[in-house]
1. Checking the structure you have, find out if any residue of the range 356-372 is open to solvent by less than 50 Å² (accessible area, probe 1.4 Å), in contact with a Gly (Cβ under 8 Å, 6 or more places away or on another chain) and not β-branched (Val, Ile, Thr).
2. Could you tell me whether Glu103 is modelled with pLDDT under 95, surrounded by fewer than 21 Cβ atoms within 10 Å (Cβ to Cβ), charged (D, E, K, R) and under 16 Å from the mean Cα position of the chain (by Cα)?
3. Got a number for residues in the range 49-64 being open to solvent by 30 Å² or more (accessible area, probe 1.4 Å) and more than 25 Å from Phe241 (Cβ to Cβ)?
4. If I ask for residues that are in a helix (DSSP H, G or I) and within 22 Å of Glu329 (Cβ to Cβ), which ones from the range 276-317 would you list?
5. Just the residues that are out of contact with any strand residue (DSSP E or B) (no Cβ under 7 Å at 6 or more places or on another chain) and under 21 Å from Ser184 (Cβ atoms), please, taken from the range 242-278.
6. I'd like to check which strands (runs of 3 or more DSSP E) are fully inside the range 168-224 and have at least 1 residues that are of a type in the set (A, V, I, L, M, F, W, C) and under 23 Å from Ala319 (Cβ atoms).
7. Listed residues Ile277, Ile285, Ile222; which is modelled with pLDDT of 95 or more and either among the small types (Gly, Ala, Ser) or in contact with a helix residue (DSSP H, G or I) (Cβ under 8 Å, 6 or more places away or on another chain) (or both)?
Amino acid sequence: MQNKAKLSFLYYNKGMGIFEKKEKTPSQTVVEDVCKITKGEKVLIIANPETSYIAQELYKASSDAGAKPVLAYQPKKTSGDFCEESVVGAIKSEPDVIFSISEIKLGKDEKAIQTPYVMEDGTKYDNTFDWLLNGKKTIRAVWTPGLTEDMYNRTVNIDYKKLAENCARLSKKFQNAESVHVTSPGGTDIIIGLKNRNAMADDGNFSKPGSGGNIPAGETFISPVVGTSEGVIVYDGSMTFSDGDSILETPITCKVEKGFITEITGGDEAKRLLKDITQAEKDSIKMEASGKLPKGQGAVYARNARNIGELGIGLNPAANITGNMLEDEKAFRTCHFAVGENYDGDAPALIHFDGVVRQPTITIKYSDGTEATVLENGDLKI
């Protein structure tokens, strides 16, 4: 078992009249500083047996904060599996905070896929978790697909004030963006449309209802306008596959036309990605045929298995490329593009596979014709 990493800080001892040093565990940092959980709040922790240690540490930290935590276990889920119905029921109870501490994924919401939640503005949510977080905004949440004890200990106790500042500055740069041009030494050269899209920040401040993100935190990300991406992405860092993440031995080159991947070349890992995408396409059609997707949605989900669903920029100074995407996508001097589902709800898919590009140069073009370079060969320029 890993030793618990701790963060030193000073506090004032009234009885002694002096400042003393106290230690914070990563779980205390998450509970007290990231989510700011208070006395009496209801906390739901969803875990797998493989993530039991971290889940139990969060349970203890939540209890010590005076909250009312509940810990629920379910079997490990992949991107194509359904969340257990009893766990979905626990989510529907609308606790104040939800921790999804998953070995791979929380799992899809079978009933919500069949009958999505629809907001007054027409926005649809095919997952109860997303509906409560982003639609109703009644919960705050943390999700950690693939989190390990080593990663937890290394990447949680960081300067969140500095992280929030970088996320805010970078997000502001994307305001009124028309498009963004991304190039890299590895061969990436792609332009994606961003008109009317807003950047989102995983800045480690999940203290208000409707806020949430990863632990480790540390990225600013945005969903390309569906159908607008044109060019080539060369993944040369790491990649998510249906059965896990891997550091890439051979770069994967994806040709993108009108927003969708039309060709994938490279070595064995390129074949692995193509196989997973093709399977997601087939599964989408099968799910409609079996009634697990509404009529007509099978083709939509299948098409979006090749969609470019996200551009993200890593901002966590403690993160490295390790072959675990939860950490890799937060690493400095990288960006990542997702294949599949996006975050704006207009490109549903069965998959969301992130892939890392090293040392990118990212230039944003605005509607007035001006430009701003926010990363140059991986270095922040904000």
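1. Within the range 356-372, one or more residues are open to solvent by less than 50 Å² (accessible area, probe 1.4 Å), in contact with a Gly (Cβ under 8 Å, 6 or more places away or on another chain) and not β-branched (Val, Ile, Thr).
2. yes
3. Number satisfying all stated conditions: 7.
4. Asp276, Ile277, Ala280, Asn304
5. Correct list: Glu249, Thr250, Gly267.
6. Result: 177-183, 200-202, 219-222.
7. Exactly one of Ile277, Ile285, Ile222 is modelled with pLDDT of 95 or more and either among the small types (Gly, Ala, Ser) or in contact with a helix residue (DSSP H, G or I) (Cβ under 8 Å, 6 or more places away or on another chain) (or both), namely Ile285.
Residues are listed down the side, and each one gets a yes or a no for (1) under 30 Å from Ala302 (Cα atoms); (2) in contact with a Gly (Cβ under 9 Å, 6 or more places away or on another chain):
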site	(1), (2)
Gly40	no, yes
Leu44	no, no
Ala47	yes, no
Ala55	no, no
Leu58	no, no
Ala67	no, yes
Ala72	no, no
Thr78	yes, yes
Asp81	yes, yes
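The values are calculated or read from the model by the stated rules, or taken from the named source; none is laboratory data. Everything quoted here is computed from the prediction, not taken from an experiment. Reconstructed Cβ throughout: ideal geometry from the backbone, glycine too, with neighbour counts over all protein chains shown. What goes into the accessible areas is simple: the full protein's heavy atoms, side chains included, and nothing from ligands, DNA or RNA. Shrake-Rupley method; radii C 1.70, N 1.55, O 1.52, S 1.80 Å.
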